[in-house]
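The values are calculated or read from the model by the stated rules, or taken from the named source; none is laboratory data. Predicted model only: the values in this text are computed from it and were never measured. Methodologically, a virtual Cβ is constructed for each residue, glycine included, from the backbone with ideal geometry; neighbour enumeration extends over all protein chains shown.
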Amino acid sequence: MDELDRLLIDLAGKTDAEIEGIGWEAYRQICDESHKSRSVLTHDGRVVMFYEDRFEHAFFTSSNRARYPNGKDKLAADRIARIHWIREFIACRIAGVECWETDRLDGQLYPKMRIYLNWNPVHVVWLDELSDGFRFKFSSAYGPQTGDLRRYCKAGQKLWPIDAKGS
């Protein structure tokens, strides 16, 4: 976990407005880099595009998850603190990170999604496959419950790491 701790942004004592500004600055840097030739890549060399319109989706959450599970009205400072984890996860440069291909959570069959995950600490990075079948679009990154991780992987196919049995 030391390698992940080094990547955390220290947000102690910051207001929500300051944290959001720090998050936007870090995210825009990734967005800019993703639009340069092959600068943000998955572990298997596929390009990942980052778009500014994903910031709210990825770094806000619901203030009342029980009633509005898909709401995006509250800044998620913990997600912003881990923003530098994203690139490391999708490149599989963190020990213990797995990559899975899975169906969409909304039940649609296409496009497929990719999930990069770690079981300890529990964290995920979601990518949406783009229509060209080669590139991905960053969707979100957060720390779900362990049961959610199991559900995400249940109908998926593990792509990385491949063990001796091929899964």
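So for the range 14-26 (the condition being of a type in the set (V, I, T), closer than 30 Å to P161 by Cα and in contact with a helix residue (DSSP H, G or I) (Cβ under 8 Å, 6 or more places away or on another chain)), does at least one residue qualify?
no
Of the residues that make up the range 45-55, is at least one in a helix (DSSP H, G or I), at pLDDT 95 or above and closer than 16 Å to H123 by Cβ?
no
Name the single residue, out of those in the range 105-140 being of a type in the set (D, E, K, R), in a loop (DSSP other than H, G, I, E, B) and surrounded by 14 or more Cβ atoms within 10 Å (Cβ to Cβ), that is modelled with the highest pLDDT.
Per the criteria, the residue is R135.
Determine which member of the set A66, A17, A76 is crowded, with 17+ Cβ neighbours inside 10 Å and of a type outside the set (V, I, T).
Just one listed residue meets the conditions, A76.
Regarding the range 141-163, can at least one residue be identified that is surrounded by 18 or more Cβ atoms within 10 Å (Cβ to Cβ), in contact with a Lys or Arg (Cβ under 9 Å, 6 or more places away or on another chain), modelled with pLDDT of 95 or more and not in a strand (DSSP E or B)?
Checked the range 141-163: no residue is surrounded by 18 or more Cβ atoms within 10 Å (Cβ to Cβ), in contact with a Lys or Arg (Cβ under 9 Å, 6 or more places away or on another chain), modelled with pLDDT of 95 or more and not in a strand (DSSP E or B).
Would you confirm, using the coordinates I've provided, whether D106 is farther than 22 Å from A26 by Cβ and among the charged types (D, E, K, R)?
Yes: the conditions hold for D106.
Name every residue in the range 42-63 that is crowded, with 16+ Cβ neighbours inside 10 Å and farther than 16 Å from L75 by Cα, in order of residue number.
Within the range 42-63, T42, H43, R46, V47, V48, M49, F50 meet the criteria.
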